[in-house]
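Reviewing the structure listed below.
The values are calculated or read from the model by the stated rules, or taken from the named source; none is laboratory data. Because the structure is predicted, anything quoted here is derived from the model rather than measured. In this analysis, Cβ positions are derived from the backbone assuming ideal geometry, glycine residues included, and neighbour counts consider all displayed protein chains.
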Amino acid sequence: METRRLALALPDRTVSIGCDVIGTGPDALLLPALSSISTREEMHALAERLAPRFRCLIPDWPGFGAETRARLPLSPAALHAVLDALLAALPGPYALGIAAGHAAPYLVAAARRHPGAFGRLALVAPTWRGPLPTAMGPERRPLYARLRRAVEMPGLGHLLYRVNLSTPVIGRMMRAHVYADPARVTPALLAAKRRVAQQTGARFGTAAFVTGALDPVETRADFLALFADGIPPVRVLRPAGAPRRSAAEMDALIAGGRVDAREVPGALAPHEEHPDAVAAAILAE
């Protein structure tokens with residue numbers, strides 16, 4: 001594995017991110033999920049299984065990952081700009097684009113803005129609503145915005161974040177909807193994920209994601225509209241154990257008939273829990 005540093009030229013600043021490179025062959029771009037415990041390392045097991053066929057490039061999202069995080073004005077527009085800058089720095093073309101969770105609609109939107117950049121797309125457990133709008137409904141977005149501002153406050157925000165992302169809370173989250181097998185949440189894995197969540201500056205990305213401030217669309221209809229004509233072929237990997245509300249959005253996408261779908265084992269992180277099955281589903285004809 002090779003690790004690079006990429007300088008991404010955004011409209012108002014330049015940000016530096018890490019990008020791992022694994023394998024040989026046509027280029028594939030692998031985007032990790034956007035979450036409190038996600039990093040580019042979550043894609044390594046999948047990349048190792050794709051490595052005989054593809055040269056996998058795996059960047060971190062600015063504001064997320066296992067490194068100290070710069071304070072960025074995180075928003076859907078900012079993340080769209082990140083992918084535009086990434087495709088300027090690493091233009092491909094990519095035989096394959098893979099994205100997990102909340103990164104999926106951002107990848108689809110980037111493929112629409114950059115015709116010819118991707119040969120095909122594979123979306124692993126795609127989601128478009130943050131955890132609070134999913135659990136409590138989108139109509140409370142003013143409340144979610146206030147919660148985000150509270151977590152971002154100096155002093156108090158840091159305390160709120162540490163209480164809500166404590167080790168027991170992270171463990172419950174991972175067992176409830178990240179992994180289908182609770183036994184996978186070992187003390188070693190939990191410690192590793194807690195280190196990610198406690199990185200300097202981590203609360204800003206988490207607050208934006210959890211409150212729905214990084215949702216790239218506002219309705220299911222808008223989400224489905226991303227998959228209209230004008231994008232490469234899309235394969236959706238639908239985990240058998242996906243949580244009910246997230247599964248409903250994946251099933252609505254599949255029912256629209258614009259994507260090819262394959263079921264894989266696992267919950268919201270099947271690429272971590274079942275990389276063999278996910279790789280096989282991506283590579284299947």
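Looking only at segment 100-152, count every residue that is outside any loop (DSSP other than H, G, I, E, B), of a type in the set (Lys, Arg) and under 17 Å from residue 75 (Cα atoms) and tell me the total.
4
Among the listed residues 281, 247, identify the single one that is in contact with a strand residue (DSSP E or B) (Cβ under 7 Å, 6 or more places away or on another chain), modelled with pLDDT of 95 or more and either under 29 Å from residue 189 (Cα atoms) or in a loop (DSSP other than H, G, I, E, B) (or both).
Sole residue among the options that is in contact with a strand residue (DSSP E or B) (Cβ under 7 Å, 6 or more places away or on another chain), modelled with pLDDT of 95 or more and either under 29 Å from residue 189 (Cα atoms) or in a loop (DSSP other than H, G, I, E, B) (or both): 281.
Please go through segment 1-24 and pick out each residue that is part of a loop (DSSP other than H, G, I, E, B), surrounded by 12 or more Cβ atoms within 10 Å (Cβ to Cβ) and in contact (Cβ under 8 Å) with a residue 60 or more places away in the chain.
10
Quick one: would you say residue 267 is part of a loop (DSSP other than H, G, I, E, B) and in contact (Cβ under 8 Å) with a residue 40 or more places away in the chain?
Working: part of a loop (DSSP other than H, G, I, E, B): yes; in contact (Cβ under 8 Å) with a residue 40 or more places away in the chain: yes.
Answer is yes for this residue.
Could you tell me which residue of segment 25-36 is farthest from residue 282 (Cα to Cα), considering only residues that are small (Gly, Ala, Ser) and part of a loop (DSSP other than H, G, I, E, B)?
By that ranking, first place goes to 36.
Kindly evaluate residue 39 against the criterion of being under 25 Å from residue 194 (Cβ atoms), out of contact with any Lys or Arg (no Cβ under 6 Å at 6 or more places or on another chain), among the β-branched types (Val, Ile, Thr) and surrounded by fewer than 18 Cβ atoms within 10 Å (Cβ to Cβ).
For residue 39, the condition - under 25 Å from residue 194 (Cβ atoms), out of contact with any Lys or Arg (no Cβ under 6 Å at 6 or more places or on another chain), among the β-branched types (Val, Ile, Thr) and surrounded by fewer than 18 Cβ atoms within 10 Å (Cβ to Cβ) - is not met.
Between 54, 64, which is buried (at least 21 other Cβ atoms within 10 Å of the Cβ) and either polar (S, T, N, Q) or modelled with pLDDT under 95 (or both)? Step through it out loud before you land on a result.
On the way: 54 fails: either polar (S, T, N, Q) or modelled with pLDDT under 95 (or both).
So the residue among 54, 64 that is buried (at least 21 other Cβ atoms within 10 Å of the Cβ) and either polar (S, T, N, Q) or modelled with pLDDT under 95 (or both) is 64.
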